[in-house]
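Step one of this worksheet: look at the structure below.
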Amino acid sequence: MNKPGCRAGRRARKKRREKHEDVYKVTLTHEAQFVVLRRWLKGKGFTSQTLIPVNFHDTGRGLMANQTIKAKDSVISLPEKCFLTTETVLKSYMGDYIKRWHPPVSPLLALCCFLIAERHRGDASEWSPYINILPKTYTCPVYFRDDIIDLLPRSLQKKADEQKEQFQELYCSSLMFFHSLQPLFTQPSEELFTQDALRWAWFSINTRTVYMEHDQSDYLSREKDIYALAPYLDLLNHCPNVQVEAGFNKQTRCYEVKSVQGCKKFQQALINYGPHDNNRLLLEYGFVASGNPHSVVYVDLGTLKFCLDEKDKQLTQKLLYLRDNDFLRNLTFGMDGPSWRLMTALRLLSLKPEQYSCWKSVLLGAAVSRDREEWCIHSALKLCNNLNSDNVKALERLSKLKKGANLSLLEQLCVVESLRQEEQRILEHTRVVLQNLWGQ
């Protein structure tokens, strides 16, 4: 039997712990924009009080459980009427303009244009309670200056450049359609549908929509129509270790999220966007997940060449063979060391000229001689050290740039710094694994 004093001591410790945790979160329930949002959602049938908006010190805005959510219980159930989809757009004042345009615009562009127009309308917009709480900017690489892009890992720099080109292509190919919307506005369309406005709308959709398949419209392009902006639900943050069941329930006409593990009262309710590594999370969503079990460090071709013997007369042929067999991508280091794909590529690169006949079998998983395996481990260690050196230099530059940076720039620098720190943690683990293999 517990003594009364022990119970009191535990209660006191629990209160101190809860008070300490409260310092790291600020409730947003009574802020005007959230009061308006909740009132607006109530009018559309969403009345749940299970989750309340909170500003958390580590993730920013999110939703906190106001009561214990048991395993398999509903986290949130958002009625269909709350969603902003292409159906919303086609039924709006913009619908006839979209229907008349040929070739048809994509579902994504239709949503982007509507978001930009509704933001321009301000409080006159039916969707203003939702649009007013959307972020004004995002920390995705498309927003980064070139000198910040240069601080990303090399493999991610390439993807960031490709994403910028994709966005630029979308903007340039949409200019005529933007101009066709001029009768809807008194302001010149080129002042309204700017690159900045489209970038904001694109990332509002890319980072905040839930996956929901819609019937293909005759008025939109053949691209899959899978976007649904979900007010309030989109405040739920991602955690790679959380398990949820999510989807649209055709019986209740609600998008439902159910927790597999449950959530304690006063804890942040979290969801899982999928098994994404930190490179993808930063590229697509603008954040990094600390301790992400899916995270890896990528070895790009430029880094791979660093450890190769340029005197090898078969080097060019080996690299072409690896490329033709799709073995020059997804070469990675993880928490448990080099990936099978990386070591397999290195084993082929280690082979001597007289071992040409072994190339195919090595790619299929055949072992190599002891001295060739040692060469592979040594090369992997060189790659690891090279990537770690690059990481250290990037972190030093980030530290200097953070001094005196404005808030927007600081947010970008901090997310890149988080990625580099996570990669450094992985590389340190990898080095230990490889050193142990080298010593065997």
Practice prompt. List every residue pair whose Cβ atoms sit under 6 Å apart, with the two residues 6 or more apart in sequence or on different chains, where the first one lies in the range 329-351 and is open to solvent by 30 Å² or more (accessible area, probe 1.4 Å) and the second, anywhere, is among the hydroxyl-bearing types (Ser, Thr, Tyr) and modelled with pLDDT of 95 or more.
Written response: none
Worksheet item: If you go through the range 185-214, how many residues are under 21 Å from residue 132 (Cβ atoms) and surrounded by 15 or more Cβ atoms within 10 Å (Cβ to Cβ)?
Response: 16
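Name the residues in the range 144-183 that are of a type in the set (A, V, I, L, M) and not in a helix (DSSP H, G or I), would you?
151, 152, 181
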Discussion item. Restricting to the range 247-298, name every residue that is surrounded by 17 or more Cβ atoms within 10 Å (Cβ to Cβ), within 29 Å of residue 81 (Cβ to Cβ) and of a type in the set (A, V, I, L, M).
Written reply: 257, 269, 270, 271
Discussion item. Looking only at the range 287-322, how many residues end up being at negative phi and assigned to a loop (DSSP other than H, G, I, E, B)?
Written reply: 19
Worksheet item: Among (1) assigned to a strand (DSSP E or B); (2) more than 27 Å from residue 289 (Cβ to Cβ); (3) of a type in the set (Ser, Thr, Tyr), where does residue 92 come up short?
Response: (1)
Worksheet entry | Residue within the range 370-380 that is under 29 Å from the mean Cα position of the chain (by Cα), at pLDDT 95 or above and under 24 Å from residue 293 (Cβ atoms) present | yes
Item to complete: Mind counting the residues in the range 98-143 that are open to solvent by less than 20 Å² (accessible area, probe 1.4 Å), within 19 Å of residue 200 (Cα to Cα), in a helix (DSSP H, G or I) and in contact (Cβ under 8 Å) with a residue 60 or more places away in the chain?
Response: 13
Response to the item:
Within the range 364-415, the count of residues that are aliphatic (A, V, I, L, M), surrounded by fewer than 18 Cβ atoms within 10 Å (Cβ to Cβ) and more than 30 Å from residue 136 (Cα to Cα) comes to 4
Worksheet item: Do you know which residues across the range 419-437 are over 16 Å from residue 386 (Cβ atoms) and either more than 27 Å from the chain's Cα centre (by Cα) or open to solvent by 40 Å² or more (accessible area, probe 1.4 Å) (or both)?
Response: 421, 425, 429, 432, 433, 436, 437
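So, in the range 91-108, exactly how many residues are of a type in the set (A, V, I, L, M, F, W, C) and under 15 Å from residue 127 (Cβ atoms)?
So the count comes out to 1.
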Response to the item:
residue 220 passes all but one of the listed conditions (1) within 21 Å of the chain's Cα centre (by Cα); (2) buried (at least 17 other Cβ atoms within 10 Å of the Cβ); the exception is number (1)
Worksheet item: How do the pairs read when you match residues in the range 164-175 that are over 19 Å from residue 148 (Cα atoms) with residues anywhere that are modelled with pLDDT of 95 or more and open to solvent by 80 Å² or more (accessible area, probe 1.4 Å), using Cβ under 9 Å and keeping only pairs 6 or more apart or on different chains?
Response: 175/190
Worksheet entry | Yes/no for residue 359 being open to solvent by less than 50 Å² (accessible area, probe 1.4 Å) and among the aromatic types (Phe, Trp, Tyr) | yes
Discussion item. Can you tell me which condition residue 223 does not meet? The list is (1) in contact with a Ser or Thr (Cβ under 8 Å, 6 or more places away or on another chain); (2) over 23 Å from residue 130 (Cβ atoms); (3) of a type outside the set (Ser, Thr, Tyr); (4) assigned to a helix (DSSP H, G or I), and all the others hold.
Written reply: (4)
Fill in: residue 155, sole failed condition from (1) of a type in the set (Ser, Thr, Tyr); (2) open to solvent by 50 Å² or more (accessible area, probe 1.4 Å); (3) touching a residue at least 40 places away in the same chain (Cβ under 8 Å)
(2)
Worksheet entry | Members of the range 185-211 that are in contact (Cβ under 8 Å) with a residue 12 or more places away in the chain and over 30 Å from residue 79 (Cα atoms) | 185, 187, 190, 192, 193, 195
Worksheet entry | Only listed residue being within 20 Å of the chain's Cα centre (by Cα) and exposed (fewer than 13 other Cβ atoms within 10 Å of the Cβ), chosen from 237, 241 | 241
Worksheet entry | Only one of 60, 95 that is over 26 Å from residue 166 (Cβ atoms) and open to solvent by 10 Å² or more (accessible area, probe 1.4 Å) | 60
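The values are calculated or read from the model by the stated rules, or taken from the named source; none is laboratory data. Keep in mind the model is a prediction, meaning the values are calculated, not measured. In this analysis, Cβ positions are derived from the backbone assuming ideal geometry, glycine residues included, and neighbour counts consider all displayed protein chains. Heads up: the accessible areas ignore ligands, DNA and RNA and are worked out on the full protein's heavy atoms, side chains in. Shrake-Rupley method; radii C 1.70, N 1.55, O 1.52, S 1.80 Å.
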